[in-house]
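Below is one structure, written out as structure tokens, with a few remarks after it.
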Amino acid sequence: MESKLTVAAVLKPQGIRGEIKVKALCDSAEDLKGLKRVFIDGVEYGVLGVRAQGDVGYISLKGVFDRNAAELLRGKEIEALREDMPPLPENRFYIADLTGCAVVTSSGETIGEVIAVTPARTDIYTLNTPNGEVSFAAAEGVIEEVDTQNKKITVNKKRFKEVSV
């Protein structure tokens, strides 16, 4: 498992004191509040403060003291160490842990490999299969088991066929 997780993307500077507006790539910008440090382009920044409003956050970073410095971060991804993130609720997973998992049916038939997960009310998984890319919604009854340690997701074949495109 990866030690760093992409947790947000910098949208733009906010104000004149170096604060940045970010789009949270986790469940909520509230999840960013406990962070003491983040990484942008491999550079570590101390977190001075975080304000959250839904999936948008406003972050003040050590060393980013004005709008010009904040402007240089526009469009960049913010990473955090896995151990610095709050614990996940049961049956919730980081996208980084799902990417690369083999998707198999309960009878053991391999369907493909997860190449992307699009967060939504019902997450959309995109697979690389021998017949090209296939997407499916993680609707109720589709995913039977997720084993991130062994990089395997087991799906109900009938439900999978109903929701895949």
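Only the coordinates and a few stated rules stand behind these numbers; no lab work does. If you're wondering where the values come from, they're calculated on a predicted model, not measured in any experiment. Heads up, the Cβs are rebuilt from the backbone with ideal geometry, glycines too, and the neighbour counts pull from every protein chain shown.
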> Hey, what's the Cα Rg ratio for region 95-163 versus the globular rule of thumb, 2.2 N^0.38 Å?
Replying inline: 0.97
>> In whole Hz and in residue order, list the ³J(HN,Hα) couplings for region 98-106 that follow from phi through the Karplus curve 6.51 cos²θ - 1.76 cosθ + 1.60, θ = phi - 60°; x for Gly and Pro.
In response: 7, 5, x, 6, 6, 9, 10, 7, 5
> Between Gln149 and Thr6, what length in nm is gained on full extension when 0.36 nm per residue of separation is reduced by their alpha carbon distance?
Replying inline: 49.5 nm
> Using θ = phi - 60° and the Karplus curve 6.51 cos²θ - 1.76 cosθ + 1.60, what whole-Hz ³J(HN,Hα) does each residue of region 85-92 get, with Gly and Pro shown as x?
Replying inline: 7, x, x, 7, x, 4, 6, 10
> Between Rg and the Kirkwood Rh of region 41-165, both from Cα atoms, what is the Rg to Rh ratio?
Replying inline: 1.09
> In terms of modelled amide H atoms, which long-range or inter-chain residues lie less than 5 Å from the amide H of Ala8?
Replying inline: Leu25, Ile78
>> Report the Cα centroid-to-centroid distance between region 91-165 and region 1-31 in angstrom, as an integer.
In response: 27
> Do the sum for the chain: with -39,500 (n - 2.57) for every DSSP H run of n ≥ 4, divided by all residues, what is the mean residue ellipticity at 222 nm, to the nearest 500 deg cm²/dmol?
Replying inline: -2000 deg cm²/dmol
> Mind listing the phi-derived Karplus ³J(HN,Hα) values for region 107-115, rounded to whole Hz, using 6.51, -1.76 and 1.60 with θ = phi - 60°, and x for any glycine or proline?
Replying inline: 8, x, 6, 7, 9, x, 10, 5, 10
>> Placing one identical point scatterer on every Cα of region 1-71 and ignoring solvent, what is log10 I(q)/I(0) from the Debye formula at q = 0.12, 0.20 Å⁻¹?
In response: -0.27, -0.77
>> With a cap of 12 neighbouring Cβ atoms within 10 Å, and only residues DSSP puts in a loop, list the GluC sites (Glu not before Pro) found in region 121-152.
In response: Glu140
